[in-house]
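Remarks on the structure that follows.
The values are calculated or read from the model by the stated rules, or taken from the named source; none is laboratory data. A quick note: this is a predicted structure, and the numbers were derived from the prediction, not measured. Backbone-built Cβ (ideal geometry, glycine too); neighbour counts: all protein chains shown. Ligands, DNA and RNA are excluded from the accessible area calculation, which covers all protein heavy atoms including side chains. Shrake-Rupley method; radii C 1.70, N 1.55, O 1.52, S 1.80 Å.
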Amino acid sequence: MTRLPDFAFDNSYHRELSGAYAQWQGDKVPAPQMLKLNVALAEELGLDPDALAGDAGALVLSGMRAPAGAAPLAMAYAGHQFGGFSPQLGDGRALLVGELIDRFGKRRDLHLKGSGRTPFSRGGDGKAALGPVLREYLVGEAMYALGVPTTRALAAVTTGEKIHRESGAKDGAVLARVASSHLRVGSFQFFAARGDTAMLQKLADYAIARHDPDLVGRDGRYLDVLKRVAERQASLVAQWVNLGFVHGVMNTDNMTISGETIDYGPCAFLDSYSPQASFSSIDQQGRYAYGNQPNIAAWNLARLAECLLGLISPEDDTAIKQATEVINAVPALYQAQWLKGLRQKLGLLREKDGDLALASGFLMTMQGQNVDYTNAFRALSDVLLGDPSPLRALYDDPAKELDAWLAAYAARSGAERASPEARAAAMQAVNPLYIPRNHKVEEALQAAEAGDMASFERLLSILQSPFTPQKGAAAYASGAPDSFGPYKTFCGT
Ligand code: AMP
Ligand code: MG
């Protein structure tokens, strides 16, 4: 038998939370092959990239063979999907292989997506198609490079199997991903829906030990953990919004306790600025539209709060009052994070009253003007350096609203102590030149599906340095051509 790579697993979820998962194995697949390995991440995890790169790595990261020390399992969770509650979802096509302690001493989940049916599969085939696997790889790694908390892609493995989707037969693949955990709001909902307070408490204490160890054993920790998750999610969604990212499927089972972005299914980035922007074919009401993400985050956090009530206080009234205070504070938490990000994007290094109005004013100038959101912010550093023409050129009709705003911006800039050069440099470190442009992502995925990984590799390499101008990369720094048409995304299933 092939010698499998070594992993120093330490499987705390398996050890401590029986009742929250089903032990399981991946499917046998005809021809597992390593398509793309994230060498830097493998090294960060203390793994041997050479051992993973070959056939033995493909056997393990397709889920076909469990290496020594692994305790593969499908996690149980519930969730609100588009507002409707399912008391049992769970990993229907995924496995938690085990946990690793990385080079920085951080515990990370090694998880496979597309490894076959599990007891939670319901009607699904348990598989993943190559296109969605590579989309998650690409966009997740881009988010990481942009500084956004996210799960990471360790590998994409092809299975040699054809799988069936509405659009036809597709090549099967498995994504190996790494997360600081896979605990989600839906993990709590699973036990809350069953009225299982003992498991809820176990899960909450487990989550605290993993993500908020300073709260371990403290009185009031269940209220505090709610606050922490709220803070992390407020900060995460503010980063999404400031980058023009639309997650597309913010169901409660896709909202982590860690504050990492998870599940890049029907996600997309804005080209032109529009709060109503919504790309997912299944989100017809725009529930998960770009500008609605903060509201949905607050709604999801309220669902988490409901699960924790019995742990927060034995007195219903007290628990409700305390949890409600936390939830009511979410919009302000979000707004503070959003404004903090916008100040950086605008090169406002000091804080002044009126910054919120100034920032909102800039967004207002873009409304209905077909202005590229990413490039407009990038062009602001040129404004500071004395050249407003790149910004003006982005507007269909650079009307007096833009002039008025530029005058207000110039006046506000007068209150800054740093030099325009220093401010422009700071802005260029937060306003990307390169984001995963929808049409470029589609182009790369289509080529990959046809067997050519060159576009994927080129795009990935550009996205790994999103703030630095790169030779010959101009085509990666603008929105889709009209011929691309209105963009629609489909769930990764
Ligand atoms: P997602 O929208 O990818 O977060 O998935 C929502 C739920 O559907 C989770 O319980 C998944 O495990 C499950 N699921 C998605 N795709 C499949 C599939 N092809 N087979 C089985 N279960 C799936
Ligand atoms: Mg999911």
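Brief remarks follow.
- One way to sum up the overall shape of region 83-235 is the equivalent ellipsoid from its Cα gyration tensor, whose semi-axes run 30, 20, 14 Å, largest first.
- Region 343-405: C-alpha pair distances exceeding 17 Å, %: 37
- Amide H contacts of T261 (H built 1.01 Å from N, under 5 Å, at least 5 apart or other chain): T150, T151
- Positive end of the dipole of region 185-338 (Cβ unit charges, origin at the Cα centre): among Y206, V216, W338, the Cα lying farthest that way belongs to W338.
- Net charge over other residues, Cβ less than 14 angstrom from the Cβ of T197 (K, R count +1; D, E count -1): -2
- For the chain, a crude dipole built from +1 on the beta carbon of Lys and Arg and -1 on the beta carbon of Asp and Glu, taken about the Cα centre, is about 240 debye to the nearest 20.
- Cα centroid separation - region 53-120 against region 398-473, whole Å: 34
- Total formal charge among the other residues, if their Cβ is under 11 angstrom from that of G54, Lys/Arg +1 and Asp/Glu -1: -2
- Region 71-130 - charge dipole about Cα centre, Lys and Arg +1 at Cβ, Asp and Glu -1, debye rounded to 20: 100
- C-alpha long axis of helix 454-463 to longest principal axis of the chain, angle in °: 60
- Volume per residue of the convex hull around the Cα atoms, evaluated for region 21-86, comes out as 151 Å³.
- Viscosity 0.890 mPa s, temperature 25 °C, Stokes-Einstein D of region 211-279 from Kirkwood C-alpha radius, µm²/s: 180
- Kirkwood-type radius of region 119-173, with distances r between different C-alpha atoms, in Å: 12.6
- Net charge of the neighbourhood of W338, taken over other residues with C-beta under 13 Å away and scored Lys/Arg +1, Asp/Glu -1, is +2.
- Karplus-derived 3J(HN,Hα), 6.51/-1.76/1.60, for each residue of region 417-426, Hz, glycine and proline x: 8, 5, 6, x, 5, 5, 5, 4, 5, 5
- Estimated vicinal HN-Hα couplings, Hz - region 97-106 in sequence order (Karplus 6.51, -1.76, 1.60; Gly, Pro = x): 6, x, 10, 10, 9, 7, 4, 9, x, 8
- 3J(HN,Hα) along region 433-447, derived from phi through the Karplus expression 6.51 cos²θ - 1.76 cosθ + 1.60 where θ = phi - 60°, amounts to 7, 10, 10, x, 5, 3, 6, 6, 5, 4, 4, 5, 5, 5, 4 Hz, with x in place of Gly and Pro.
- Listed residue pairs exceeding 19 Å between alpha carbons, taken from K28/K162; K440/K471; K106/K227; K345/K440; K36/K113; K28/K113: K106/K227; K345/K440
- Per residue, the convex hull spanned by the Cα atoms of the chain amounts to 154 cubic angstrom.
- Helical mean residue ellipticity (222 nm; -39500 (n - 2.57) per DSSP H run of 4+; nearest 500) of the chain: -13000 deg cm²/dmol
- Using a cutoff of 8 angstrom between alpha carbon atoms and counting only pairs six or more residues apart, the relative contact order for the chain works out to 14 percent.
- Other-chain or far-sequence residues with amide H under 5 Å of R165's (modelled H): K170
- Spherically averaged projected area of region 337-490 from its Cα convex hull (nm²): 10.5
- Mean Cα-pair separation over length for region 12-179, i.e. relative contact order, pairs under 8 Å, 6 or more apart, %: 25
- Test item: Cα-centred dipole of region 12-179, Lys/Arg +1 and Asp/Glu -1 on Cβ, debye: 360
- Evaluated at q = 0.10, 0.14, 0.15 Å⁻¹, the base-10 log of the normalised Debye intensity for region 12-179, with identical point scatterers placed on the Cα atoms, takes the values -0.36, -0.72, -0.83.
- When nucleic acids and ligands are ignored and a 1.4 Å probe is applied, F120 ends up with an accessible area of around 20 Å².
- Spatial extent of region 185-338: Rg and Dmax, with the Cα atoms as the point set, Å: 15.9, 50
- Residues with amide H under 5 Å from that of L154, placed H, sequence gap 5 or more: A176, R177, V178
- Region 143-200 versus region 222-237: alpha-carbon centroid distance in Å: 21
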